[in-house]
Amino acid sequence: MATFRLQGSKVLAVDMTGDAVKAKNGSMVAYDGRMAFKKLSGGGEGVRGMVTRRITGEQMTMMEVKGEGTCWFADRASEINLVGLRGDKLYVESSNLLCTDTGLRTGTSFTGVRGASQGNGLFTTTVEGHGQAAIMSEGPAVVLRVGHDHPLTVDPGAYIAHQGNLRQSFQSGVTFRTFLGEGGGEAFQILFEGDGLVYVQPSERNTIAGDV
């Protein structure tokens, strides 16, 4: 199995001995040894293919990197966080997924309806199985614990990923940004209940995430 390690906080080094990894297309910045690169196509749960998100109509394409040596990955100087999976499932924003072991299955999951009046569906990229995943954040990510008696409310612009036995729901109301007069339209927040971990970033992404 490939070995994931960080060089600094913004570069992921992956050591491979005939192994393969799936990485965000175009994220390779350097490699040594013998490497083969293949753009992956297709889609759906459990296939070696494209991870497609439709939260705002974007698509994310993965590539497979296989060989012997070390490959370095980075994306727009984002901070990189390593997540170890032991048979569990990670839900992550597609734009925040950098690299996974090929032994991990990627797919999409419908996570709810955003905005009662709009009826827009939200889809989250899923990663599950045994192995390592690297996720990105704007600034150092913070990992917050959700307990049975301690639900957590998150601004969608700061949300990166979550794992564990969590229930996710969307609440209409005032977000942190609209409270400060920085947004408009129908706002919403994400409520997590149960037992698990939520990854948030200290910088909100510039999307329509908090407003519909």
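Among Gly157, Gly139, which is the only one that is out of contact with any Gly (no Cβ under 6 Å at 6 or more places or on another chain), open to solvent by less than 40 Å² (accessible area, probe 1.4 Å), modelled with pLDDT of 55 or more and in a loop (DSSP other than H, G, I, E, B)?
Testing whether each residue is out of contact with any Gly (no Cβ under 6 Å at 6 or more places or on another chain), open to solvent by less than 40 Å² (accessible area, probe 1.4 Å), modelled with pLDDT of 55 or more and in a loop (DSSP other than H, G, I, E, B) leaves just Gly139.
Considering each of Gly107, Gly131 in turn, give the residue that is in a strand (DSSP E or B), modelled with pLDDT under 90 and open to solvent by less than 30 Å² (accessible area, probe 1.4 Å).
Exactly one residue qualifies, and that residue is Gly107.
So in the stretch 142-154, with the set limited to residues that are at pLDDT 95 or above and β-branched (Val, Ile, Thr), which one is least open to solvent (accessible area, probe 1.4 Å)?
Out of the qualifying residues, it is Val146.
Name the strands (runs of 3 or more DSSP E) wholly within the stretch 21-103 that hold at least 2 residues that are β-branched (Val, Ile, Thr) and at pLDDT 95 or above?
Output list reads 62-73, 79-92.
The values are calculated or read from the model by the stated rules, or taken from the named source; none is laboratory data. Quick caveat, the model's predicted, so the values are computed rather than measured. We place every Cβ from the backbone using ideal geometry, glycine too, and count neighbours over all the protein chains shown. Just so you know, the surface numbers come from the protein's heavy atoms only, side chains and all, with ligands and any DNA or RNA stripped out. Shrake-Rupley method; radii C 1.70, N 1.55, O 1.52, S 1.80 Å.
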